[in-house]
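Chemist: Submitted below is the structure of interest, expressed as structure tokens.
Computed from the coordinates by the stated procedures, all read-outs in this text should not be read as laboratory data. No experiment lies behind these values; they were computed from the predicted model shown. Here the Cβ positions follow ideal geometry from the backbone for every residue, glycine too, while neighbour counts run over all protein chains shown.
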Amino acid sequence: MATGLNGKVVVITGASSGLGEAAARHLAEQGALLVLGARRADRIQALADELRAAGHQALSIATDVTDSEQVKKLVDTAVEAHGRVDVLVNNAGVAPLSLLEKLKIGEWDQMIDVNLKGVLYGIAAALPHMIRQRAGQIINVSSIAALRAAPVTAIYSATKEAVRVITEGLRQEVKPHNIRTTVILPGAVATDLPGGINEADIAAAMKAFYEIAISPDAFARAVAFAISQPDDVDVNEIVFRPTLQV
């Protein structure tokens, strides 16, 4: 496994915008070899093209994390191109918040499929390679919402707390294989995640709340910090939020 960030093979899901895009740009500047996945094929291709034009190494592949075969193909693409996968960043997420009494079962399913099962599919795709390599790092993106639920965040918070618990269980399981694990819990970060809220009153409240949101570059720096530690240091949990966020 390469030291620092330079030369590390990093796979990122949900990389076409927001947290994933910011991480991709920051890690590219540090010399990482990127393999980027996202549902929006045009946007992920444009990002990879832009990074390559700037002299960085980046591949892209359209990836819907609710499809385990597509996630496997994304990780396998990294291994085929570079011979290994050093880091997987399970970043894709959705947050169509609503009260449970609204019975938006389709949106519940969407959050479970993307936020939870998408992470599991990423682990399933990367873990066999990392066990074989006896090295690797899996970074899962949770949320501050995992630590404190609100009436409209019940399902979202549940999926993000599940990601946190899964990451801790994985941490203990993969120690014999020399694999590192990190879960990152961001607070209010300026992304288009709140744009997925379909309830007008909740969307308005979130827009007002997000006036204190910080740049996704903060997330990118957190990812880089976790990856760039010496191989004998395992940063397991990072919680960050705007200074003004309660």
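Chemist: Checking Glu173 against (1) within 20 Å of Lys8 (Cα to Cα); (2) of a type outside the set (A, V, I, L, M, F, W, C); (3) free of Cβ contacts under 8 Å to residues at least 40 places away in the same chain, which single condition isn't satisfied?
Modeler: Answer for Glu173: the failing condition is (1).
Chemist: Oh, and also: Name the residues in the stretch 201-233 that are surrounded by 15 or more Cβ atoms within 10 Å (Cβ to Cβ) and in a loop (DSSP other than H, G, I, E, B), would you?
Modeler: Ala213, Pro216, Ser228, Gln229
Chemist: Next question, about the same structure. Report, by residue number, each residue of the stretch 100-110 that is more than 17 Å from Asp67 (Cβ to Cβ), surrounded by 13 or more Cβ atoms within 10 Å (Cβ to Cβ) and either touching a helix residue (DSSP H, G or I) at 6+ places or on another chain (Cβ under 6 Å) or not charged (D, E, K, R) (or both).
Modeler: Selection gives Trp108 alone.
Chemist: Right, next: Can Leu185 be described as of a type in the set (A, V, I, L, M, F, W, C) and in a strand (DSSP E or B)?
Modeler: Judged against the criteria, Leu185 is a match.
Chemist: I need a count of the residues in the stretch 118-152 that are farther than 18 Å from Val10 by Cβ and surrounded by 20 or more Cβ atoms within 10 Å (Cβ to Cβ).
Modeler: 5
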